[in-house]
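**Q** Input: one structure, supplied below.
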Amino acid sequence: MPMEPKNIGSLRGRPLAVKSPTVKLDSESRAMSEWGFEATRLIKEGMLRRKWGFSELADALRSQGIWRSSTVINRRINRQNFSAGFFLACLFVLAENEGSQPEQTDGDPTSS
């Protein structure tokens, strides 16, 4: 019996759910579905680590020549309807921008 999705956080809107495959993959279509879910989970986890929404991901993907709106990217990822190339581009921009978030300060411009 599959596990219930686990809520790992939310930036805006609905929470992002993550689960791991826990059942034997007895058919190719089931295997492809589980791998598609795993790809989606990896993208969403990367977005959560960087505190990005779909608009930040869309902006970052433009540097890779992917000119889609955040709404289209949201749909592609949530429906698991994307190519391996799109997946790799997402992983690339997420890895490229890892650690590039501005540090939080207390508002004092002299503090570092």
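**Q** Give me the pairs: first residue in the range 21-50 and modelled with pLDDT under 90, second residue part of a helix (DSSP H, G or I) and surrounded by 14 or more Cβ atoms within 10 Å (Cβ to Cβ), beta-carbon distance under 7 Å, and six or more apart or on different chains, which are they?
**A** 21/34; 25/34
**Q** Inside the range 60-77, can you point out the residues that are surrounded by 14 or more Cβ atoms within 10 Å (Cβ to Cβ) and not in a loop (DSSP other than H, G, I, E, B)?
**A** 60, 61, 70, 73, 74, 75, 76, 77
**Q** Which condition number in (1) part of a loop (DSSP other than H, G, I, E, B); (2) modelled with pLDDT of 95 or more; (3) among the polar types (S, T, N, Q) is the one that residue 101 fails?
**A** Among (1) part of a loop (DSSP other than H, G, I, E, B); (2) modelled with pLDDT of 95 or more; (3) among the polar types (S, T, N, Q), the lone unmet condition for residue 101 is (2).
**Q** Could you give me the residue pairs with C-beta distances under 8 Å whose first residue belongs to the range 57-80 and is modelled with pLDDT of 95 or more, whose second residue is acidic (Asp, Glu) wherever it lies, and which are 6+ apart or on separate chains?
**A** The qualifying pairs are 60/96.
The values are calculated or read from the model by the stated rules, or taken from the named source; none is laboratory data. Since the structure is predicted, the reported quantities are computational estimates derived from the model, not experimental observations. Cβ atoms come from the backbone with ideal geometry, glycine included; neighbour counts cover every protein chain shown.
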